[in-house]
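A quick write-up on the structure given underneath.
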């Protein structure tokens, strides 16, 4: 007896009797992640296609088409309009894959820092609600604890790579502030927080 | 967590459709994945409207291939069973065969519902 299908792609391939379909469906699902997120948000917010269309000043058929398509068919203004209709803002993280690992870690550390700053801002807005403030306080403690643990683990994994690329790192124009001493440093904070000063 | 059951689907019609209209075939399953994502985030069947996901009555829903340019109208017929969170894949066809496809799919829904009632 056949096992329970694990994914839509697996089902599509099985029914078509063609294994290559699995890859195609998976690829298309990957290319539709933004569209799926937009659709999910609209439904969670309880908004209809017409309401979104009215806000964007377009026909509901445009929203229908957008939700049935993939990310490559999306237009920037449509994403902004759609999210605006839902009262949702957008955050974008640019990740430069050409940077050495240390530089990319730095990017992520800054991104986490920015998110924590936003959390602090939110906490200020609800400072009268002691229950929420307590939860946020607790969350900060947990984040710090988990972050340090994860950071240490990541650094251990990074260490061989950093040593291997030492000369490249010190000469790299993308990381002008990283000295050999910093790269060699045993402490994670010396390597990654040196750039924050 | 919703999961898929495809035991009721006739593989020959899926094979044929994939052979003749592969882009549309893939698009239908991608749209099915979108619906499952929505359902897995807590939305209920009947509680939302999406252009490519339409009710055909008796618990049957069709998922369209919309989003593919210059495409053949293809419909994937499913039965979302909310109680056990099972998405039954029933049949697939074009606009031309929709009448037969719907009837066939509804018969399958009766079959799926049947034994369950007896168990109660």
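The values are calculated or read from the model by the stated rules, or taken from the named source; none is laboratory data. Everything quoted here is computed from the prediction, not taken from an experiment. A quick note on method: Cβ atoms are made from the backbone with ideal geometry, for glycine too, and the neighbour counts reach across all protein chains shown.
Can you find even one residue in segment A:77-84 that is closer than 30 Å to residue A:48 by Cβ and either within 15 Å of the chain's Cα centre (by Cα) or surrounded by fewer than 11 Cβ atoms within 10 Å (Cβ to Cβ) (or both)?
Yes: one or more hits.
In segment B:74-83, is there at least one residue being farther than 18 Å from residue A:7 by Cα, free of Cβ contacts under 8 Å to residues at least 60 places away in the same chain and either at the interface with chain A (Cβ under 9 Å from one of its Cβ atoms) or buried (at least 22 other Cβ atoms within 10 Å of the Cβ) (or both)?
So far as segment B:74-83 goes, yes, one or more of its residues are farther than 18 Å from residue A:7 by Cα, free of Cβ contacts under 8 Å to residues at least 60 places away in the same chain and either at the interface with chain A (Cβ under 9 Å from one of its Cβ atoms) or buried (at least 22 other Cβ atoms within 10 Å of the Cβ) (or both).
Given the conditions (1) touching a residue at least 24 places away in the same chain (Cβ under 8 Å); (2) more than 7 Å from chain B (Cβ to nearest Cβ); (3) within 30 Å of residue B:13 (Cα to Cα), report the number of the one that residue A:45 does not fulfil.
If we test residue A:45 against (1) touching a residue at least 24 places away in the same chain (Cβ under 8 Å); (2) more than 7 Å from chain B (Cβ to nearest Cβ); (3) within 30 Å of residue B:13 (Cα to Cα), just (3) comes out false.
Would you check which residues across segment B:43-60 are assigned to a strand (DSSP E or B) and either within 12 Å of another protein chain (Cβ to nearest Cβ) or buried (at least 23 other Cβ atoms within 10 Å of the Cβ) (or both) and list them?
Across segment B:43-60, the qualifying residues are B:50, B:53, B:54.
Consider residue A:24 carefully, then state whether it is at the interface with chain B (Cβ under 7 Å from one of its Cβ atoms), surrounded by fewer than 20 Cβ atoms within 10 Å (Cβ to Cβ) and under 25 Å from the mean Cα position of the chain (by Cα).
No, not satisfied.
Please specify each residue of segment B:29-41 satisfying the condition of being within 8 Å of chain A (Cβ to nearest Cβ) and out of contact with any helix residue (DSSP H, G or I) (no Cβ under 6 Å at 6 or more places or on another chain).
B:31, B:36
Which of the residues that make up segment B:4-25 are over 13 Å from the mean Cα position of the chain (by Cα) and within 7 Å of chain A (Cβ to nearest Cβ)?
B:11, B:15, B:18
Just checking, does segment A:93-100 include any residue being modelled with pLDDT under 95, out of contact with any helix residue (DSSP H, G or I) (no Cβ under 8 Å at 6 or more places or on another chain) and surrounded by 13 or more Cβ atoms within 10 Å (Cβ to Cβ)?
no
State all residues of segment A:38-82 that are farther than 26 Å from residue B:65 by Cβ and either in the same structural domain as residue A:115 (by TED's automatic domain parsing) or not in a helix (DSSP H, G or I) (or both); if no residue qualifies, say none.
Scanning segment A:38-82 gives A:45, A:46, A:57.
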